[in-house]
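Input: a single structure, listed below in structure tokens.
The values are calculated or read from the model by the stated rules, or taken from the named source; none is laboratory data. Keep in mind it's a predicted model, so treat the numbers as computed, not measured. Neighbour counts are summed over all protein chains in view; Cβ atoms, including those assigned to glycine, are modelled from backbone coordinates with ideal geometry.
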Amino acid sequence: MKKIIVVFLSFFILSKANAQKVTGTFTALANQAIRIEGFNGFQTYLIDSDTTDANGNFKLNYANKDIGMGYIITSDNKPFIIILSGEDILLQGVSPSNVESINILKGKENQLFAQYAKEHPRREQAISAWNYLENIYNNDSLFQQQKESLKAIHQEKLRINKEDTQFLNKLPANSYVQWFLPIRKLVSNVSIIAQYHTEEIPATIAALRNVDYNNPRLYKSGLLKDVIESHYWLLENMGQPLDVAYNEMNISSDYLIRNLIKDEKKLNEISQYLFNLLEKHSLFKASEYLAVKLLTQNSCVLNEALSKQLESYRKMKVGNIAPDILLEGDVFINGNPTKTISKLSEIKSNYTVVLFGASWCPNCVEEINQLLPLYEKWKTKGLEIVFVSLDTDKESYKKYTEKLPFLSFCDYKKWDTKPAQDFAVFASPTFFLLDNNRKIILRPNSVKHLDTWIEFNIK
């Protein structure tokens, strides 16, 4: 027993010895709870907590396993981002909500991080201003002859970019801040590149594809979600036809799978997130490709939940037969109960649109408002609509469907409703276009997409 106690105490003492401190004073936060949280993939977790004293002093600890990005948060719920790099950190200021008041008195990596966080946005702002002027001097006849001024603008832009690059290049070798700031810059520049520097899109896509998802620093950075979302957002918004965008997304998914193939846990976690993201944005061809790729990849080991989700999704590919829907719940037309049909297969039409949505879904409301003026036109072309509601409240469902002149159905089970599970629906709104044999003809990503297809294919 004594031996066990000695071992435990030794471990405890060693743990404390290996712990790094985050200490400081927030003068506006006397006798308040304060905590430090870290990132772990898509999640955050509590590292340590304390209560400030009467003067706002606090002390928090973190260990080597916590190295990465973290944030200090207090009762005002305004986080202050810090780098947990293995160094002690000393802060002094009014409160995390007053970022300008906080001085980093100790912690070299955090001092460098704070410096870049202040300087980089100012450089970006200056670059934007110079870009504006450059455009004027290039295109306005009043200024086009001012070649020296245009040259000066170009040189200043080069100087600013060089200054930013030099700062990053001088960061301590193998430090966390050296890895973090360039990838943060890559992610934060995506929207600017898509709007103003389209010539940089190919290089940016290449850089995003080369992100190492196995790097433990990425997992602890809080950037995992941002890297994925900005990558596929750029592919969707790079100014190319949708088929081209889908092809690029599929290439990126191939890169991601190859990168993660040796880490089962990360493969499942990240693939699940990406699949749901693509579904949420109605990028069904890309989510379908990802699902089939994962299911047919021999070296992929998928967990049961993800495998089941992807298998059900594969069943709903274009060309497959959609499941029948038993209307075992409230069936309305214009908000009034109807018993004209009891299942989807009883609808007599050349085409049927099955739309999953809900009154609580803003995008659903928007899409249905676009759909209503088109319904009569579609009906003359032999097309009918069935709205499957994911509502849980009867009054909300009834009120919402008062304006719907086509069949609507709800059993108030939200995502647990059998039709949503049978159709592998994970986002709303979700559309399916079926022929009279319930064969899936199209998975439209919007009413506009559906209307374009109808106009082109149904005479």
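Things worth noting here:
- The single condition among (1) modelled with pLDDT under 95; (2) surrounded by 15 or more Cβ atoms within 10 Å (Cβ to Cβ) that Tyr62 does not meet is (1).
- Every residue from segment 378-418 that is free of Cβ contacts under 8 Å to residues at least 60 places away in the same chain and out of contact with any Leu (no Cβ under 9 Å at 6 or more places or on another chain): Lys379, Thr380, Ser389, Leu390, Asp391, Thr392, Asp393, Glu395, Ser396, Tyr400, Asp416
- Search result, residues across segment 32-58 that are in contact with a helix residue (DSSP H, G or I) (Cβ under 8 Å, 6 or more places away or on another chain) and either in a strand (DSSP E or B) or in the same structural domain as Asn215 (by TED's automatic domain parsing) (or both): Gly38, Phe39, Asn40, Ile47
- Filtered residues of segment 352-391 (kept if more than 16 Å from Lys403 (Cα to Cα), aliphatic (A, V, I, L, M) and more than 26 Å from the chain's Cα centre (by Cα)): Val353, Val354, Leu383
Matching residues to (1) touching a helix residue (DSSP H, G or I) at 6+ places or on another chain (Cβ under 9 Å); (2) closer than 22 Å to Glu37 by Cβ; (3) surrounded by 15 or more Cβ atoms within 10 Å (Cβ to Cβ):
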| site | (1), (2), (3) |
| --- | --- |
| Ile201 | yes, no, yes |
| Arg217 | yes, yes, yes |
| Lys220 | yes, yes, yes |
| Val227 | yes, yes, yes |
| Leu235 | yes, no, yes |
| Leu242 | yes, no, no |
| Ser252 | yes, no, yes |
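- Selected residue (criterion: modelled with the lowest pLDDT) from residues of segment 342-376 that are part of a strand (DSSP E or B) and in contact with a Leu (Cβ under 6 Å, 6 or more places away or on another chain): Lys343
- Just one of the listed residues (Asn77, Asn110, Asn61, Asn131) is assigned to a loop (DSSP other than H, G, I, E, B), polar (S, T, N, Q) and either out of contact with any Gly (no Cβ under 7 Å at 6 or more places or on another chain) or in the same structural domain as Leu224 (by TED's automatic domain parsing) (or both), and it is Asn77.
- Yes/no for Ser253 being under 19 Å from the mean Cα position of the chain (by Cα), within 30 Å of Ser85 (Cα to Cα) and either assigned by TED's automatic domain parsing to the domain that holds Leu46 or in contact (Cβ under 8 Å) with a residue 40 or more places away in the chain (or both): no
- Selection count, segment 82-104, where residues are part of a strand (DSSP E or B) and either without any contact (Cβ under 8 Å) to a residue 40 or more places away in the chain or assigned by TED's automatic domain parsing to the domain that holds Leu158 (or both): 2
Listed here are the residues, each with its yes/no results for (1) buried (at least 20 other Cβ atoms within 10 Å of the Cβ); (2) in contact (Cβ under 8 Å) with a residue 60 or more places away in the chain.
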| position | (1), (2) |
| --- | --- |
| Ser271 | yes, no |
| Ser287 | yes, no |
| Gln297 | no, no |
| Lys308 | no, no |
| Glu311 | no, no |
| Leu327 | yes, yes |
| Asp330 | no, yes |
| Asn336 | no, no |
| Phe356 | yes, yes |
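- Residue match in segment 136-158 (condition: in contact (Cβ under 8 Å) with a residue 24 or more places away in the chain, within 30 Å of Thr51 (Cα to Cα) and not assigned by TED's automatic domain parsing to the domain that holds Ser230): no
- Here Leu302 fits the description: among the hydrophobic types (A, V, I, L, M, F, W, C) and touching a helix residue (DSSP H, G or I) at 6+ places or on another chain (Cβ under 7 Å).
- Positions within segment 423-444 being more than 13 Å from Val353 (Cβ to Cβ) and buried (at least 16 other Cβ atoms within 10 Å of the Cβ), in sequence order: Ala424, Val425, Phe426, Ala427, Ser428
- Checking each residue in segment 235-250 for being farther than 21 Å from Tyr196 by Cβ and either in contact (Cβ under 8 Å) with a residue 24 or more places away in the chain or in contact with a Phe, Trp or Tyr (Cβ under 7 Å, 6 or more places away or on another chain) (or both) picks out Tyr246, Met249, Asn250.
- Checked against (1) loosely packed, with under 15 Cβ neighbours inside 10 Å; (2) not assigned by TED's automatic domain parsing to the domain that holds Met249, Leu181 meets all criteria but (1).
- Evaluation of Leu171 against (1) without any contact (Cβ under 8 Å) to a residue 40 or more places away in the chain; (2) surrounded by 15 or more Cβ atoms within 10 Å (Cβ to Cβ); (3) over 24 Å from Gln195 (Cα atoms); (4) not acidic (Asp, Glu) (one fails), failing number: (1)
- Residue within segment 181-200 that is part of a loop (DSSP other than H, G, I, E, B) and more than 26 Å from Ser287 (Cβ to Cβ) present: yes
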